[in-house]
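Only one structure is covered here, and it is reproduced in the block below.
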Amino acid sequence: QVQLVESGGGLVQPGGSLRLSCAASGIFFTVYVMHWYRQAPGKQRDLVASITTGGSTTYADSVQGRFTISRDNAKNTVYLQMNSLKPEDTAVYYCRARLGTRDYWGQGTQVTVSS
């Protein structure tokens with residue numbers, strides 16, 4: 001059974017930081033491309049960051065320079081370090097694992113940026 005479990009969300013003040021984690025089980029994690037998405041209330045789910053099996057990363061323009069995606073293949077975990085958080089970063093954050101037609105999502109973790 002495949003599971004992606006996100007953690008690390010919460011309430012943070014503007015300018016603060018959070019580190020999200022997504023622990024994968026039931027897949028050979030090393031060969032999957034991993035992504036972080038987010039969905040704000042009433043909006044579509046958008047891609048935030050991606051990391052390939054080789055460690056190459058890409059980011060949405062809105063988070064470039066503030067967020068860092070990384071992976072630890074030994075721990076089957078992908079991370080999203082979020083710095084200089086803004087109220088507009090408030091959303092449910094989801095991780096996604098993709099390999100060809102194999103496509104898995106986590107259940108999401110809420111991030112709220114507010115004073």
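The values are calculated or read from the model by the stated rules, or taken from the named source; none is laboratory data. On a predicted model such as this, the values are computed, not experimentally measured, just so you know. We place every Cβ from the backbone using ideal geometry, glycine too, and count neighbours over all the protein chains shown. Protein only, heavy atoms only, side chains kept; ligands, DNA and RNA dropped before computing areas. Shrake-Rupley method; radii C 1.70, N 1.55, O 1.52, S 1.80 Å.
A simple count of charges around THR52, restricted to other residues whose Cβ falls under 11 Å of its Cβ and scoring Lys, Arg +1 and Asp, Glu -1, yields +2. With the largest listed first and rounded to whole Å, the semi-axes of the equivalent ellipsoid of the chain from the Cα gyration tensor are 23, 14, 13.
Multiplying the residue separation of TYR104 and GLN13 by 0.36 nm and subtracting their alpha-carbon distance yields 29.7 nm. Neighbours of TRP105 by Cβ distance under 12 Å: Lys/Arg scored +1, Asp/Glu scored -1, total +2. Here is the size of segment 1-66 from its Cα atoms: Rg then Dmax, 13.5, 38 Å. Short-range pairs are left out: with C-alpha atoms under 8 Å and at least six residues apart, the relative contact order of segment 30-115 is 29 percent. Full extension of the segment from ASP72 to SER56, taken as 0.36 nm per residue of separation minus the current Cα-Cα distance, would add 4.4 nm. Per residue, segment 7-115 exposes 51 Å² of solvent-accessible protein surface, assessed with a 1.4 angstrom probe and all protein chains in place.
Take the alpha-carbon centre of segment 1-59, take the same for segment 92-115, and report the distance between them in whole Å. Segment 1-59 and segment 92-115 have Cα centres spaced 5 Å from each other. For the chain, the carbon plus sulfur part of the accessible surface works out to 47%, probe radius 1.4 Å. Of all segments of the chain bounded by trypsin sites (Lys or Arg not before Pro) found in a DSSP loop with no more than 13 other C-beta atoms within 10 Å, the longest spans 1-42.
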